[in-house]
Amino acid sequence: MPIGAFAYSEGLETLVQQDRLGTPVELRGWLEDHLRCGPVRMETAIFQRLMTATTRRQLDTLLYWDGWLTASRESEELALQNRQMARSLWRLLQDLMETHALPLASSPRQYVTAFAIASALAGVSEREAMFTYVHAWLSNLIVAAVRLIPLGQSTGQKLLWELQDSIVQLIDFAQNAQENELYCWNTGIILASMQHETLYSRLYRS
(Lines give C-alpha, C1' and ligand atoms only; values in the text may rest on other atoms or scores of the structure.)
Protein backbone atom coordinates (compact mmCIF):
# COMPACT_ATOMS: atom_id res chain seq x y z
CA MET A 1 0.00 0.00 0.00
CA PRO A 2 1.35 3.47 -0.83
CA ILE A 3 1.30 4.87 2.69
CA GLY A 4 4.94 5.90 3.18
CA ALA A 5 5.91 3.32 5.81
CA PHE A 6 9.30 2.92 4.12
CA ALA A 7 10.29 6.38 5.42
CA TYR A 8 10.23 5.37 9.09
CA SER A 9 12.50 3.28 11.32
CA GLU A 10 10.84 3.95 14.73
CA GLY A 11 14.12 4.70 16.48
CA LEU A 12 16.06 1.87 14.87
CA GLU A 13 18.30 4.34 13.04
CA THR A 14 19.30 5.91 16.37
CA LEU A 15 20.32 2.57 17.86
CA VAL A 16 22.36 1.62 14.79
CA GLN A 17 24.23 4.94 14.84
CA GLN A 18 24.89 4.50 18.56
CA ASP A 19 26.40 1.05 17.83
CA ARG A 20 23.77 -0.60 20.04
CA LEU A 21 22.41 -2.70 17.17
CA GLY A 22 24.80 -4.12 14.62
CA THR A 23 24.24 -7.86 14.26
CA PRO A 24 21.31 -10.12 13.35
CA VAL A 25 21.26 -11.48 16.91
CA GLU A 26 21.00 -8.01 18.44
CA LEU A 27 18.31 -7.00 15.96
CA ARG A 28 16.29 -10.13 16.66
CA GLY A 29 16.41 -9.46 20.39
CA TRP A 30 15.23 -5.88 19.88
CA LEU A 31 12.37 -6.96 17.62
CA GLU A 32 11.32 -9.74 20.01
CA ASP A 33 11.20 -7.20 22.84
CA HIS A 34 9.08 -4.97 20.60
CA LEU A 35 6.63 -7.83 20.00
CA ARG A 36 6.48 -8.82 23.67
CA CYS A 37 6.17 -5.42 25.32
CA GLY A 38 6.39 -2.59 22.77
CA PRO A 39 3.66 -0.36 21.31
CA VAL A 40 2.74 -2.96 18.68
CA ARG A 41 1.55 -5.23 21.49
CA MET A 42 -0.93 -2.60 22.65
CA GLU A 43 -1.96 -1.62 19.12
CA THR A 44 -2.74 -5.21 18.16
CA ALA A 45 -4.94 -5.70 21.22
CA ILE A 46 -6.88 -2.54 20.38
CA PHE A 47 -7.05 -3.54 16.70
CA GLN A 48 -9.75 -6.09 17.46
CA ARG A 49 -11.84 -3.47 19.27
CA LEU A 50 -11.51 -1.11 16.31
CA MET A 51 -12.63 -3.78 13.84
CA THR A 52 -15.65 -4.65 15.96
CA ALA A 53 -16.60 -0.99 16.31
CA THR A 54 -16.35 -0.57 12.52
CA THR A 55 -18.57 -3.57 11.83
CA ARG A 56 -21.18 -2.30 14.28
CA ARG A 57 -20.83 1.33 13.09
CA GLN A 58 -19.99 2.44 16.63
CA LEU A 59 -18.54 5.86 15.87
CA ASP A 60 -18.00 6.86 19.50
CA THR A 61 -16.00 3.70 20.18
CA LEU A 62 -13.82 4.24 17.11
CA LEU A 63 -13.08 7.81 18.14
CA TYR A 64 -12.40 6.77 21.72
CA TRP A 65 -9.73 4.21 20.85
CA ASP A 66 -8.24 6.42 18.15
CA GLY A 67 -7.87 9.20 20.72
CA TRP A 68 -6.59 6.75 23.33
CA LEU A 69 -3.80 5.62 21.03
CA THR A 70 -3.02 9.19 20.01
CA ALA A 71 -2.47 10.11 23.66
CA SER A 72 -0.07 7.17 24.07
CA ARG A 73 2.47 8.48 21.53
CA GLU A 74 5.29 9.86 23.65
CA SER A 75 7.53 11.25 20.91
CA GLU A 76 6.70 13.80 18.26
CA GLU A 77 8.18 11.70 15.45
CA LEU A 78 6.02 8.67 16.28
CA ALA A 79 2.93 10.88 16.52
CA LEU A 80 3.67 12.44 13.12
CA GLN A 81 4.40 9.02 11.61
CA ASN A 82 1.04 7.63 12.65
CA ARG A 83 -0.84 10.71 11.49
CA GLN A 84 0.82 10.71 8.06
CA MET A 85 0.31 6.99 7.47
CA ALA A 86 -3.31 7.18 8.63
CA ARG A 87 -4.02 10.04 6.21
CA SER A 88 -2.37 8.21 3.33
CA LEU A 89 -4.31 5.00 3.93
CA TRP A 90 -7.53 6.98 4.37
CA ARG A 91 -7.07 8.69 1.00
CA LEU A 92 -6.58 5.26 -0.56
CA LEU A 93 -9.80 4.00 1.03
CA GLN A 94 -11.68 7.02 -0.28
CA ASP A 95 -10.42 6.22 -3.78
CA LEU A 96 -11.38 2.54 -3.53
CA MET A 97 -14.90 2.73 -2.09
CA GLU A 98 -17.92 4.96 -1.74
CA THR A 99 -17.44 7.65 0.90
CA HIS A 100 -20.68 6.69 2.66
CA ALA A 101 -19.24 3.23 3.34
CA LEU A 102 -16.58 4.73 5.62
CA PRO A 103 -17.59 5.02 9.29
CA LEU A 104 -15.74 8.33 9.79
CA ALA A 105 -16.11 11.56 7.82
CA SER A 106 -12.40 12.37 8.01
CA SER A 107 -9.14 10.53 8.51
CA PRO A 108 -8.46 8.96 11.92
CA ARG A 109 -5.29 10.08 13.66
CA GLN A 110 -3.81 6.59 14.04
CA TYR A 111 -2.62 4.27 11.29
CA VAL A 112 -3.83 1.21 13.18
CA THR A 113 -7.34 2.71 13.24
CA ALA A 114 -7.35 3.21 9.47
CA PHE A 115 -5.94 -0.31 8.95
CA ALA A 116 -8.59 -1.88 11.19
CA ILE A 117 -11.37 0.01 9.41
CA ALA A 118 -10.04 -1.09 6.01
CA SER A 119 -9.83 -4.71 7.19
CA ALA A 120 -13.37 -4.71 8.56
CA LEU A 121 -14.84 -3.15 5.43
CA ALA A 122 -12.98 -5.70 3.27
CA GLY A 123 -14.46 -8.57 5.27
CA VAL A 124 -11.11 -9.90 6.48
CA SER A 125 -11.25 -12.00 9.64
CA GLU A 126 -9.90 -10.38 12.80
CA ARG A 127 -7.04 -12.86 13.22
CA GLU A 128 -5.94 -12.62 9.59
CA ALA A 129 -6.12 -8.83 9.72
CA MET A 130 -4.07 -8.65 12.92
CA PHE A 131 -1.46 -11.01 11.48
CA THR A 132 -1.24 -8.86 8.35
CA TYR A 133 -0.86 -5.68 10.42
CA VAL A 134 1.93 -7.06 12.61
CA HIS A 135 3.68 -8.81 9.71
CA ALA A 136 3.71 -5.59 7.66
CA TRP A 137 5.06 -3.62 10.63
CA LEU A 138 7.80 -6.19 11.25
CA SER A 139 8.71 -6.41 7.55
CA ASN A 140 9.13 -2.65 7.37
CA LEU A 141 11.54 -2.55 10.32
CA ILE A 142 13.56 -5.45 8.95
CA VAL A 143 13.85 -3.69 5.58
CA ALA A 144 15.09 -0.60 7.45
CA ALA A 145 17.65 -2.74 9.29
CA VAL A 146 18.83 -4.30 6.02
CA ARG A 147 19.72 -0.80 4.84
CA LEU A 148 21.04 0.63 8.10
CA ILE A 149 23.19 -2.08 9.72
CA PRO A 150 23.47 -3.27 6.89
CA LEU A 151 22.17 -6.83 6.63
CA GLY A 152 21.90 -9.02 3.58
CA GLN A 153 18.48 -9.53 2.04
CA SER A 154 18.58 -13.25 2.83
CA THR A 155 19.44 -12.54 6.46
CA GLY A 156 16.48 -10.18 6.69
CA GLN A 157 14.10 -12.75 5.22
CA LYS A 158 15.42 -15.45 7.53
CA LEU A 159 14.86 -13.19 10.53
CA LEU A 160 11.30 -12.45 9.41
CA TRP A 161 10.63 -16.19 9.17
CA GLU A 162 12.17 -16.89 12.59
CA LEU A 163 9.85 -14.33 14.23
CA GLN A 164 6.60 -15.84 12.92
CA ASP A 165 5.99 -17.70 16.20
CA SER A 166 6.41 -14.43 18.10
CA ILE A 167 3.76 -12.85 15.89
CA VAL A 168 1.36 -15.72 16.58
CA GLN A 169 1.97 -15.40 20.34
CA LEU A 170 1.22 -11.69 20.15
CA ILE A 171 -2.04 -12.30 18.29
CA ASP A 172 -3.06 -14.99 20.80
CA PHE A 173 -2.60 -12.42 23.54
CA ALA A 174 -4.36 -9.66 21.63
CA GLN A 175 -7.48 -11.70 20.95
CA ASN A 176 -8.04 -12.27 24.66
CA ALA A 177 -6.55 -9.09 26.18
CA GLN A 178 -8.54 -7.32 28.88
CA GLU A 179 -8.53 -3.54 29.19
CA ASN A 180 -6.20 -3.66 32.21
CA GLU A 181 -3.64 -5.38 29.97
CA LEU A 182 -3.53 -2.54 27.42
CA TYR A 183 -0.12 -1.19 28.24
CA CYS A 184 3.43 -1.40 26.95
CA TRP A 185 6.93 -1.03 28.32
CA ASN A 186 8.68 1.03 25.69
CA THR A 187 11.12 3.33 27.48
CA GLY A 188 14.06 2.36 25.28
CA ILE A 189 12.03 2.74 22.09
CA ILE A 190 10.81 6.19 23.09
CA LEU A 191 14.29 7.40 24.08
CA ALA A 192 15.66 6.20 20.74
CA SER A 193 12.80 7.94 18.96
CA MET A 194 13.30 11.22 20.85
CA GLN A 195 17.04 11.19 20.10
CA HIS A 196 16.49 10.49 16.41
CA GLU A 197 15.70 14.09 15.46
CA THR A 198 19.08 15.21 16.83
CA LEU A 199 21.16 12.82 14.71
CA TYR A 200 23.73 14.48 12.49
CA SER A 201 22.44 12.69 9.39
CA ARG A 202 19.29 10.65 8.87
CA LEU A 203 17.90 8.30 6.24
CA TYR A 204 14.54 7.97 7.99
CA ARG A 205 11.91 10.29 9.41
CA SER A 206 11.64 8.46 12.73
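The values are calculated or read from the model by the stated rules, or taken from the named source; none is laboratory data. These figures come from a predicted structure and were not determined experimentally. Positions of Cβ are generated from backbone atoms using ideal geometry, with glycine treated the same way; all protein chains shown enter the neighbour counts.
Tabulated results
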quantity: Considering residues of segment 123-172 that are of a type in the set (Phe, Trp, Tyr) and touching a helix residue (DSSP H, G or I) at 6+ places or on another chain (Cβ under 7 Å) only, the residue nearest to THR54 (Cα to Cα); calculated: TYR133
quantity: Any hit, segment 34-47, residues being without any contact (Cβ under 8 Å) to a residue 60 or more places away in the chain and under 25 Å from TYR183 (Cβ atoms); calculated: no
quantity: Residues that are among the small types (Gly, Ala, Ser) and touching a Leu at 6+ places or on another chain (Cβ under 9 Å), drawn from segment 120-155; calculated: ALA120, SER139, ALA144, ALA145
quantity: Top-ranked residue of segment 44-54 - restricted to ones that are out of contact with any Phe, Trp or Tyr (no Cβ under 8 Å at 6 or more places or on another chain) and modelled with pLDDT of 95 or more, ranked as nearest to ALA7 (Cα to Cα); calculated: MET51
quantity: Any chance ALA120 is crowded, with 22+ Cβ neighbours inside 10 Å, touching a residue at least 24 places away in the same chain (Cβ under 8 Å) and among the small types (Gly, Ala, Ser); calculated: no
quantity: Residues that are surrounded by 12 or more Cβ atoms within 10 Å (Cβ to Cβ) and hydroxyl-bearing (Ser, Thr, Tyr), drawn from segment 140-182; calculated: THR155, SER166
quantity: Helices (runs of 4 or more DSSP H) wholly inside segment 134-203 containing at least 3 residues that are within 22 Å of ALA71 (Cα to Cα), at pLDDT below 95 and not charged (D, E, K, R); calculated: 187-196
quantity: Members of segment 165-192 found to be without any contact (Cβ under 8 Å) to a residue 12 or more places away in the chain and either touching a Cys at 6+ places or on another chain (Cβ under 8 Å) or of a type in the set (S, T, N, Q) (or both), listed by number; calculated: ASN176, GLN178, ASN180, THR187
